[in-house]
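Encoded as structure tokens, the structure appears first; notes follow it.
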Ligand code: HEC
């Protein structure tokens, strides 16, 4: 009985150990098969000839277009504070083949530009302007001059000024200052640097306090 039991237990133990091994092996095999199956499926799904090939491969990452003004996109009013009329004289070299700037200067391919800042658009006597520029109307203020010089044909479709434009905002600002210094002298647009805005807020509080002191002193006199 005892012997029988032990003799039965032993093979049974071995057999159950074998089952455990087989079960484990089965799981491993099963997992491997599943993995293989999935990878085949994945291959079919992503590379199968039946799948239409997208026109553009990979992800299309939208990148915001940056202009030549740079990512900061400073205002023309700010650019005007960073350059000088003297710098503008150098930029003017690109204009002088077509324009004179001296008072009473002759019209060339383009009109004489003495005193052009603040002047009426397309109003120089004796120059045959395009209908397009005549249609613009108004005066040459800073913002308009900026837009015009950046891309003349883009700003005034049909203009006969055959000039590609000045891509750098500093160049446009400098040459506008140069023109302003030649017979115009109109006021610069208001510009307050961001750092000064914060300073002014503090200064405002100081001014108020100073004002109170002044008022007190005035009262005591
Ligand atoms: C290839 C010749 C040419 C060059 C270079 C040129 N211009 Fe002109 N410009 C013209 C012509 C032509 C007109 C008249 C446009 C029209 O009637 O459509 C004009 C018109 C203008 C006007 C408007 C004048 C008005 O009376 O309203 C301004 C301002 C001006 N140009 C500035 C400049 C500046 C600044 C540059 C240099 C950065 C420059 N131009 C370069 C030919 C030129």
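The values are calculated or read from the model by the stated rules, or taken from the named source; none is laboratory data. These numbers were taken from a predicted model, which means no experiment stands behind them. Here Cβ is always computed from backbone atoms with ideal geometry, including for glycine, and neighbour counts include all displayed protein chains.
Assorted remarks:
Listed here are the residues, each with its yes/no results for (1) under 22 Å from residue 104 (Cβ atoms); (2) without any contact (Cβ under 8 Å) to a residue 12 or more places away in the chain; (3) buried (at least 20 other Cβ atoms within 10 Å of the Cβ).
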residue	(1), (2), (3)
126	yes, no, no
148	no, yes, yes
173	no, no, yes
179	yes, no, yes
187	no, yes, no
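- Checking residue 191 against (1) closer than 21 Å to residue 88 by Cβ; (2) more than 11 Å from the ligand (Cβ to nearest atom); (3) in the same structural domain as residue 81 (by TED's automatic domain parsing), the condition it does not meet: (3)
- Taken together, the residues in region 83-98 that are within 16 Å of residue 172 (Cα to Cα) and outside any helix (DSSP H, G or I) amount to 6.
- Residues of region 94-112 classified as surrounded by 17 or more Cβ atoms within 10 Å (Cβ to Cβ), touching a residue at least 40 places away in the same chain (Cβ under 8 Å) and either near the ligand (Cβ under 6 Å from one of its atoms) or on the phi > 0 side of the Ramachandran plot (or both), total: 2
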